[in-house]
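Here the structure comes first, spelled out in C-alpha cells, and everything after it is commentary.
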Amino acid sequence: MGTENFTARSETKRLIVRPLAPGDYAEWLEGFNGRSPSRHAYDPGRLDMEGCTEPWFSELVDNHQRLAKEDIAHVFGVFRKEDGRHLGMVDFSTLARQEFQWGRVGYTIHNQYWQQGYGKEAVKEALHIAFTELGFHRIEAHINLDNEASARLAEGVGMAFECVRKAFIFEGGEWIDHLIYTIQSD
C-alpha cells in the first residue's frame with residue numbers, strides 16, 4: 001500500500017462504509033454514548049468512554065491505518081448518509097494470503113440502531129469491498145454457538161453455515177466452540 005492512507009469506501013442507499021478519519025470523533029463518540037443498556041450476553045450495552053479522548057481517537061485511527069497497510073486488519077466505520085451518524089463497525093482480519101486469500105469478518109451495530117436493517121446492509125457492502133478491493137476470496141464469520149442474532153445476520157448476507165469448530169477460541173478462561181459461516185467471491 002505504500003505511504004498512502006487506506007481509503008476504501010462504498011455507499012448504499014442509506015449508508016457509507018469507510019475507514020474512520022480524525023474528523024469522525026464527535027459522531028463516533030456520540031454513537032457509543034447513545035448506546036442503550038445491554039440486551040443480551042453479546043451486547044456490551046453502555047461502555048465507559050471516559051478515556052476515549054480526541055487524541056486517543058486520533059491514535060486509534062492511526063492504528064487502523066497501520067493495520068490496513070500491513071494487511072493485518074481493515075476496519076470500517078458505518079455511517080448513516082442522511083445525518084452522518086456513526087452506527088457501528090465492520091472489520092476484516094487477514095487469516096492467510098498467497099493461495100488462500102482468506103479473512104475473517106467481525107461486525108457490530110450500536111444497539112440503539114438495531115432492528116432497522118443497518119447491520120445486514122453494512123456487512124453486505126463491506127463484503128463487496130473485501131472481495132473487490134481487498135482481494136479476499138474466502139471470508140469466515142466465527143460466531144458463539146448461542147449468538148442467534150449474529151448467525152441470522154451472517155445468513156442474511158449470504159454466508160453459509162460450514163461447521164462447528166471445537167475448542168476454537170479461548171474466551172472467559174476456557175476454550176469454546178464456534179459456528180463457522182463462510183462466503184466466497186464469485
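Out of the total accessible area of region 1-138 (probe 1.4 Å, heavy atoms of protein only), what percent is carbon and sulfur? Accessible surface attributable to carbon and sulfur in region 1-138 totals 51 percent. Assigning unit charges at the beta carbon (Lys, Arg +1; Asp, Glu -1) and nothing else, what dipole magnitude in debye, to the nearest 20, does the chain show about its Cα centre? Roughly 420 debye, rounded to the nearest 20. The residues of the chain have, on average, 53 Å² of accessible surface per residue, using a 1.4 Å probe with all protein chains present. The label-point distance for Arg97 and Arg14, in a model that sets each label 7 Å from Cα toward Cβ, rounds to 3.6 nm. With Cα atoms as the point set, region 65-132 shows a radius of gyration and Dmax of 13.1, 42 Å.
Dipole of region 137-186, Cα-centred, from +1 at each Lys and Arg C-beta and -1 at each Asp and Glu C-beta, to the nearest 20 debye?
120 debye
Extent along the principal axes, Cα only, for region 12-143: 43, 33, 31 Å, with the longest axis given first. Computed from the Cβ-Cβ distance with R0 of 25 Å, the FRET efficiency linking Glu4 to Thr182 stands at 0.20. Here the chain is scanned for GluC sites (Glu not before Pro) in DSSP loops (not H, G, I, E, B) that have at most 13 other Cβ atoms within 10 Å, and the longest stretch holding none of them is 100-186. For region 1-52, the alpha-carbon coordinates run over 40, 31, 20 Å along the three principal axes, in decreasing order. The alpha carbons of region 76-186 occupy a box of 43, 33, 22 Å along the principal axes, longest dimension given first. Straightening the chain between Asp43 and Arg165 buys 41.7 nm, computed as 0.36 nm per residue apart minus the Cα-Cα spacing. Along its three principal directions, the equivalent ellipsoid of region 126-185 from the Cα gyration tensor extends over semi-axes of 23, 13, 9 Å, largest first.
Loop-located trypsin sites (Lys or Arg not before Pro) across region 1-33 with a Cβ neighbour count of 11 or fewer within 10 Å are Lys13, with loop assigned by DSSP. With a/c under 1.5 counting as rounded, go ahead and sort region 105-145 into rounded, prolate or oblate using the C-alpha gyration tensor (a ≥ b ≥ c being the square roots of the eigenvalues; past the cut-off, prolate if a/b is larger than b/c, else oblate). Verdict is oblate for region 105-145.
The values are calculated or read from the model by the stated rules, or taken from the named source; none is laboratory data. These figures come from a predicted structure and were not determined experimentally. Every residue, glycine among them, receives a Cβ derived from its backbone with ideal geometry; neighbour counts consider all protein chains shown. Note: accessible area is taken over every heavy atom of the protein model, side chains too, but ligands, DNA and RNA are not part of it. Shrake-Rupley method; radii C 1.70, N 1.55, O 1.52, S 1.80 Å.
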